[in-house]
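Some notes on the structure that comes next.
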Amino acid sequence: MQASPDVLFMRRALQIARLGEGKVAPNPLVGCVLVHPEHGIIGEGWHPYFGGPHAEVNAIRSVHNEDWLRESTAYVTLEPCSHFGKTPPCADLLVAKGIPRVVICNTDPNPLVAGKGIEKLRSAGIEVQTGILEKEGAQLNRFFFTSFIKKRPFITLKWAQTSDGFIAREDGSSKWISSVESRLRVHSWRAEHQAILVGSGTLRTDDPMLTVRGWKGKSPVRIVLDPDLTLPTHLRVFSDPTSETWVLNQVKDESTGHLHFKRLNPLGFTLADVLDHLQKDGIQSLFIEGGSRLLQSFIDAGLWDEAFVFKSDVVFGTGIKAPVFQHHQFITSEHSGPDILQKFIH
Ligand code: AOF
Ligand code: ZN
């Protein structure tokens, strides 16, 4: 299929939107390309970090001759905003610069905007086209969209299993199932997510750091579920200050350094309560690494979006069984060193 110029320019806008990856959350990744009928691309910009200028502002700043804007098309991956946030509305800016045509990938689910940006443009006489590469845009900002639509963070599950279907030995240890390559991928996914969660069993047996190592990017907030505060305090998630640790519990609200105790319902809390709390604290993406029981409880509750499963050729014979999906859709399978990496969506 031949790609039209609109598709090509939007593809470019999506490409530069990614330059904000790992830095914009809980805002979306947004790219903007300004195209003049004779001069081609005359300006580009993206939302670079949370609180920073919006993509449209940076794109317009990059243009040498602003007169060209009166004949140009703006390709924006997200509906231009209509609200006064940390910056004035981008829709007003596009109108003020006399841009005659705006092409948009996705509408903004943020109720502050949600169609009002497009309305502003149209009522100023701008020709607006929406839905160009909509699926690609939805995939790029799946964390942002899920958080607004499902009112909970986007949930990614990950585990590694032996060829005979075990996630760990009987004592809970899971060393040497997946390869060095696979573990590096895990660190790249950690860097993409805002928060990371493992079960208390895994914390006790593996004492993981849950930080990003060997890859570039920010370590996610470590979420620990410890209702009665019975986990040993020497665990590395408590002592290591690389990133914040939020201990969701029924006992106390207290903060010292990187350690934040957050008291949820003192009578007990559910997975839904946990997700609700994270959502309210601005967490749009949650990476869940195990163990089997915690993963299975999210699967059984239907609370997941994407899953990565490594299958290694190691054989354990006995051990703790890997989780089992209820409803899932197979997406891809590829090699990851000696392992096979399979991707599923809910
Ligand atoms: C745009 N262009 O590049 C982005 C938009 O707090 P603020 O002022 O940064 O506003 C954040 C909201 O603005 C965010 O939730 C989303 O609705 C929209 N993001 N809009 O026109 C951009 N990043
Ligand atoms: Zn804006």
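Below, the figures for the structure above:
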read-out: Greater than 19 Å apart at Cα, pairs in K120/K151; K175/K321; K86/K135; K280/K343; value: K120/K151; K86/K135; K280/K343
read-out: Listed peptides 249-257, 271-279 by packing density, highest first (mean Cβ within 10 Å); value: 271-279, 249-257
read-out: Centre separation in Å (Cα based) which lies between region 254-316 and region 171-188; value: 19
read-out: Per residue Cα convex hull volume in Å³ - calculated over region 150-345; value: 118
read-out: For the chain, alpha-carbon Rg relative to the globular expectation (2.2 N^0.38 Å, N residues); value: 1.12
read-out: Among L112, L295, L286: highest mean-square fluctuation, GNM of the chain, C-alpha pairs under 10 Å; value: L112
read-out: Computed magnitude of the charge dipole of the chain (debye, nearest 20; Cβ of K, R +1, Cβ of D, E -1); value: 240
read-out: Heavy-atom surface of region 1-121, accessible at 1.4 Å and reported per residue (Å²); value: 46
read-out: Order of exposure, largest accessible area first, which applies to H346, H234, H260 with probe 1.4 Å; value: H234, H346, H260
read-out: Base-10 log of normalised Debye intensity for region 108-189 (one unit scatterer per alpha-carbon) at q = 0.11, 0.18 Å⁻¹; value: -0.56, -0.91
read-out: Protection proxy ranking, peptides 101-109, 261-269, average beta carbon neighbours within 10 Å, highest first; value: 101-109, 261-269
read-out: All-pairs Cα distance distribution in region 28-140, expressed in whole percent, bin size 10 Å; value: 16, 53, 30, 2
read-out: Residue-by-residue Karplus 3J(HN,Hα) for region 316-332, coefficients 6.51, -1.76, 1.60, Hz, glycine and proline x; value: 9, x, 9, x, 8, 5, 5, x, 10, 6, 8, 10, 7, 10, 6, 10, 9
read-out: Within region 5-146: Cβ-based charge dipole about Cα centre, in debye rounded to nearest 20 (Lys, Arg +1; Asp, Glu -1); value: 340
read-out: GNM result for the chain, Cα springs below 10 Å: residue of T130, T318, T245 fluctuating most strongly; value: T318
read-out: Share, in percent, of DSSP beta bridges within region 1-119 that are antiparallel, nearest 5; value: 65
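The values are calculated or read from the model by the stated rules, or taken from the named source; none is laboratory data. Here the structure is a predicted model, which means the values were calculated and not measured. Every residue, glycine as well, gets a Cβ built from its backbone with ideal geometry; the counts of neighbours run over all protein chains shown. Heads up: the accessible areas ignore ligands, DNA and RNA and are worked out on the full protein's heavy atoms, side chains in. Shrake-Rupley method; radii C 1.70, N 1.55, O 1.52, S 1.80 Å.
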